[in-house]
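Trainee: Have a look at this one before I ask anything.
The values are calculated or read from the model by the stated rules, or taken from the named source; none is laboratory data. Since the model is a prediction, treat every value here as computed from it, not as a measurement. Note that we place each Cβ from the backbone using ideal geometry, even for glycine, and neighbour counts take in every protein chain shown. In case anyone asks, the SASA skips ligands and DNA or RNA and just uses the protein heavy atoms, side chains included. Shrake-Rupley method; radii C 1.70, N 1.55, O 1.52, S 1.80 Å.
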Amino acid sequence: MVLNDNRRIIAVADPVALAKAAAERLLARIANNSDRVAICLTGGSSPKQLYELLGHEPYRGQVPWDRVHWFIGDERFVPTTDSRNNMRMARQAFLSRCAPLVNIHPMATGAADPVEAAHRYEAELKSFYGADSLDPARPLFDAVLMGVGPDGHTASLFPGYPALAETERWVVGVPRAHVEPLVPRVTLTLPVLASCHEMLFEVGGADKRAILTRVLAGEDLPAGRAVSAGETTWLVDRAALPENYRGR
């Protein structure tokens, strides 16, 4: 189903199909670029099955690991050894076994505070991109993976937070989270997340149906504001799909 903007909803049967569909779309984006590829990962529980697929055949053999760079859309400001660290989960699932270390771009959670970590990551992104401002004709990322929280947040952009309105900074520190874990965060801003060929949401489970219903109904929530300059795809399993979208 295609919405009024550039968002498209693709319904799949279950979490296994969700992860496979996401892997196929990610591989397609990588195949579309014969040069250096940039993928922005997401945290939380939603992408875990996807990450595990990428680390095993047949998907592992289809990724040109030497030219794919892996970034993160947001991070909990905890040590890299902490189980709550988003990039730690991605490393354990597939990055440490598959990707060259130089191609993995974590946020500096060992910095003095989230603001300093944000400044460092912004500088790293600009260096990778080769410019201090984003060109709509040249997206930063090939694909940006996203999720939606129970309050409608995405990345670490929470409802009502000033970071939602940020248009100049690429990365900002978030002193307080809306939901567990209640630790400071570092997050990319909406314009930077939007600078991609495809923004790919993964939403699964009956516990996500209520918030997804609100997002797709047009309520002003961060996940609803997140739209790619290219394609925006919502992969949704049947358990999470709102009642009014079933059967379409």
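Trainee: Does any residue in the range 51-69 that is within 14 Å of Arg25 (Cβ to Cβ) come within less than 9 Å, Cβ to Cβ, of a residue that is assigned to a loop (DSSP other than H, G, I, E, B) six or more places away or on a different chain, and which pairs are these?
Mentor: The qualifying pairs are Leu53/Tyr59; Leu54/Val63; Val63/Ala99.
Trainee: For the range 136-150, how many residues meet the condition of being open to solvent by 50 Å² or more (accessible area, probe 1.4 Å) and modelled with pLDDT of 95 or more?
Mentor: 1
Trainee: Let me ask something additional. So which residues in the range 159-171 are of a type outside the set (Val, Ile, Thr), in contact with a Ser or Thr (Cβ under 9 Å, 6 or more places away or on another chain) and open to solvent by less than 40 Å² (accessible area, probe 1.4 Å)?
Mentor: Across the range 159-171, the qualifying residues are Ala163, Leu164, Trp170.
Trainee: Considering only the range 74-122, state which residues are open to solvent by 40 Å² or more (accessible area, probe 1.4 Å), within 19 Å of Asp142 (Cα to Cα) and either of a type in the set (Asp, Glu) or in a helix (DSSP H, G or I) (or both).
Mentor: Correct list: Val102 only.
Trainee: Can you give me the number of residues within the range 206-229 that are of a type in the set (A, V, I, L, M) and either more than 22 Å from Val12 (Cα to Cα) or under 18 Å from the mean Cα position of the chain (by Cα) (or both)?
Mentor: 8
Trainee: Identify the residue in the range 123-135 that is in contact (Cβ under 8 Å) with a residue 12 or more places away in the chain and within 15 Å of Glu168 (Cα to Cα) and, among all such residues, is surrounded by the most Cβ atoms within 10 Å (Cβ to Cβ).
Mentor: Filtering the range 123-135 for residues that are in contact (Cβ under 8 Å) with a residue 12 or more places away in the chain and within 15 Å of Glu168 (Cα to Cα), the one surrounded by the most Cβ atoms within 10 Å (Cβ to Cβ) comes out as Leu125.
Trainee: Name the residue, out of Glu219, Glu231, Glu166, that is closer than 30 Å to Asp135 by Cβ, acidic (Asp, Glu) and touching a residue at least 40 places away in the same chain (Cβ under 8 Å).
Mentor: That would be Glu231, the only listed residue that is closer than 30 Å to Asp135 by Cβ, acidic (Asp, Glu) and touching a residue at least 40 places away in the same chain (Cβ under 8 Å).
Trainee: Now for a different question. Kindly indicate whether Ala131 is assigned to a loop (DSSP other than H, G, I, E, B), modelled with pLDDT of 95 or more, over 23 Å from Ser45 (Cβ atoms) and over 16 Å from the mean Cα position of the chain (by Cα).
Mentor: Spelling it out, Ala131 is indeed assigned to a loop (DSSP other than H, G, I, E, B), modelled with pLDDT of 95 or more, over 23 Å from Ser45 (Cβ atoms) and over 16 Å from the mean Cα position of the chain (by Cα).
Trainee: Search the range 98-113 for residues that are without any contact (Cβ under 8 Å) to a residue 24 or more places away in the chain and within 15 Å of Glu124 (Cα to Cα) and pair each with any residue that is surrounded by fewer than 17 Cβ atoms within 10 Å (Cβ to Cβ) and acidic (Asp, Glu) when their beta-carbon atoms are under 8 Å apart and the residues are at least 6 apart or on different chains.
Mentor: Ala108/Glu116
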